[in-house]
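Below: the structure, in structure tokens.
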Amino acid sequence: MPLQQKNFRPRQESVVNRGMACSLAATQPERAFAIAASIPDGWYRCQAMTAVGRNKSGPLADKAFAAARTAAAAGDDAYQQAAVLCGTLHAALDCKRAELAKVVLQDILRLIPVVEPMASRAFALSWLWRVACTAGDARMRHMVVDTVVGYCHPDRSWRAARLYRELAAGLAWYRPDLAEALIRAMPPGKARTSLERRRAAGERHRAWTE
């Protein structure tokens, strides 16, 4: 039986109030927090609360980041819950909040195995990989790669195949041995064969700076 097509329709007030909260986060954080708290849809409430946390320090930031995690958990499905937290993770890393980043990363990694369909799982992991490359460290990137290999089959979605290409090309720039290890860990199939050809041709791209 084919999977039912998902069609999420956010309420207009969620979209409008997210914009208001984000625009006020830096200059009127208390008001921004109050507006964010009124947002009915978890995806948009999480984004708004993350904006407040990113732009404020102290107790209000703690409160906003905690509310962002709670809002993410109210998302319509595991994909929404995991993907929206990638923005919160990025904010925590940018704010040098290592313990918060660790907790949010674990939130995401716990959700990944239950995200369905595979295309959505690969998309969530793509968001996470970009955060790991732009704001994370080598340990985080290794964790993402391990999660991709463990829970994302490369031949069950074009998004999954693309994700493996992104990982291999990024790893190849700095650690060709890790790119080769990633390809060896892939199950035999179309995606692996394609990646082997790309690696033989020397494909790589800069995914992060150290």
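The values are calculated or read from the model by the stated rules, or taken from the named source; none is laboratory data. Here the structure is a predicted model, which means the values were calculated and not measured. When we count neighbours, we look across all protein chains shown, and the Cβ atoms used for this are built from the backbone with ideal geometry, even at glycine.
So here's what we get for this one:
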| item | result |
| --- | --- |
| Region 1-25, residues that are modelled with pLDDT of 95 or more and either in contact with a His (Cβ under 7 Å, 6 or more places away or on another chain) or in a loop (DSSP other than H, G, I, E, B) (or both) | Ala25 |
| Pairs with Cβ under 6 Å, 6+ apart, first in region 106-126 and in the same structural domain as Gly136 (by TED's automatic domain parsing), second part of a helix (DSSP H, G or I) and of a type in the set (Lys, Arg) | Val115/Arg121; Ala119/Arg159; Ala122/Arg159; Phe123/Arg159 |
| Condition check for Leu105: more than 22 Å from Gly87 (Cβ to Cβ), in contact with a Leu (Cβ under 7 Å, 6 or more places away or on another chain) and not β-branched (Val, Ile, Thr) | no |
| Residue list for region 45-78, filter: among the hydroxyl-bearing types (Ser, Thr, Tyr) and either buried (at least 24 other Cβ atoms within 10 Å of the Cβ) or in contact with a strand residue (DSSP E or B) (Cβ under 6 Å, 6 or more places away or on another chain) (or both) | Thr50 |
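Here's the yes/no breakdown for (1) without any contact (Cβ under 8 Å) to a residue 40 or more places away in the chain; (2) under 27 Å from His90 (Cβ atoms); (3) loosely packed, with under 15 Cβ neighbours inside 10 Å:
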| residue | (1), (2), (3) |
| --- | --- |
| Asp137 | yes, yes, yes |
| Met140 | yes, yes, no |
| Gly150 | yes, yes, yes |
| Arg156 | yes, no, no |
| Arg159 | no, yes, no |
| Arg162 | no, yes, no |
| Ile183 | yes, no, no |
| Gly202 | yes, no, yes |
